[in-house]
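Reviewing the structure listed below.
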Amino acid sequence: MAEAGIAESIRRGMGDCSPAERRVARVLLAAYPSAGFETVARLAERAGVSGPTVLRFVQRLGYKGFPDFQEALRRDLDERSASPLRIHQTRPPRDDSTQSLRDRAAAISVATLQRTFDEVSTHDLDRCVELISTASGSVLIAGGRYSGLLGQILALHLEQLRPRVRMLPEEPSARAALVEDLGRRDVLILFDYRRYEDHTQRLARVGRARHASIVLFTDSWLSPISSEADVVLSSETGAPSPFDALTPVMALIEAVVAGCFDRLGDAAVDRMARADRVAGDLGLY
């Protein structure tokens, strides 16, 4: 199973750092990964701290020194950009030839799911639910080539619980019109996973410029959008195939939907009842 990426390790460890070390962490995350390849002196200057503070910070992360940290960063970059083919080619040969597909898939999937929930921030999960449930404007959702499918699932659930939930359309003029209307009252939910997609990152930058709240679903290596996001929900990627696991993301989506249903209460129930009546009137089901 993949270990957490360096960016995610930095984010998780910030609560245990001194204020000066947290400044180093913020500089690294804001310009990840390029900031990590600067010299100790340059990184210290950017963070407004001393060189020894930078060294203490990387040691707190578990590295012997700055060269050790930068070597790990190079390996992390390889993982962040790994394609399914590369994952297959670099995965060690299995020595479980007697294990059935059922047992192997179950062991990997359960472990990946458990690790995701062990590591996800309770604060971020609660904050995600709060932003979606209390937004007085729109909730817009977008993703990438595969992750857009996950966004559609979230949108289909949320639109039953509250008004003004939209999956951003692919058609350029329609998408541009919706993004143009983004403002402080709106929430922009983005899905972005390794081999991170530029058009999704551009959405995040535009959303931030318009002061919308940003929720990010990503993996343990952290999309570059994490530096723009108000909430980051990361999931592990270990799977029995070379393709990154979707089950943990789906479990996080289901947790968010459950939280929104509880938070919205009677308003969500009433909306679902009205939608059922309209569906009946239209003969939809």
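The values are calculated or read from the model by the stated rules, or taken from the named source; none is laboratory data. Not measured: the values here are computed from a predicted model. With ideal geometry, Cβ positions are generated from the backbone for all residues, glycine too; neighbour counts draw on all protein chains shown.
Structure values in brief
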quantity	calculated
Residue count for the stretch 226-243, restricted to those that are under 20 Å from R12 (Cβ atoms) and assigned to a loop (DSSP other than H, G, I, E, B)	6
Enumeration of residues in the stretch 214-225 that are among the hydrophobic types (A, V, I, L, M, F, W, C), assigned to a loop (DSSP other than H, G, I, E, B) and at negative phi	W221
Index of the failed condition, D219 passing every other in (1) at pLDDT below 95; (2) acidic (D, E); (3) surrounded by fewer than 22 Cβ atoms within 10 Å (Cβ to Cβ)	(3)
Among residues of the stretch 244-285, those that are in a loop (DSSP other than H, G, I, E, B) and under 30 Å from S81 (Cα atoms), counted	3
Only one of V58, V49 that is crowded, with 18+ Cβ neighbours inside 10 Å, among the β-branched types (V, I, T), modelled with pLDDT of 90 or more and part of a loop (DSSP other than H, G, I, E, B)	V49
Failed item, numbered, when P163 is tested on (1) modelled with pLDDT under 95; (2) more than 20 Å from D192 (Cα to Cα); (3) outside any helix (DSSP H, G or I)	(1)
Any chance L188 is within 29 Å of T116 (Cβ to Cβ) and either in contact with a Gly (Cβ under 9 Å, 6 or more places away or on another chain) or in the same structural domain as L125 (by TED's automatic domain parsing) (or both)	yes
Checking A155 against (1) touching a residue at least 60 places away in the same chain (Cβ under 8 Å); (2) in a helix (DSSP H, G or I), the condition it does not meet	(1)
Per-region count, the stretch 234-262, residues over 23 Å from G143 (Cβ atoms), modelled with pLDDT of 95 or more and in contact with a helix residue (DSSP H, G or I) (Cβ under 6 Å, 6 or more places away or on another chain)	0
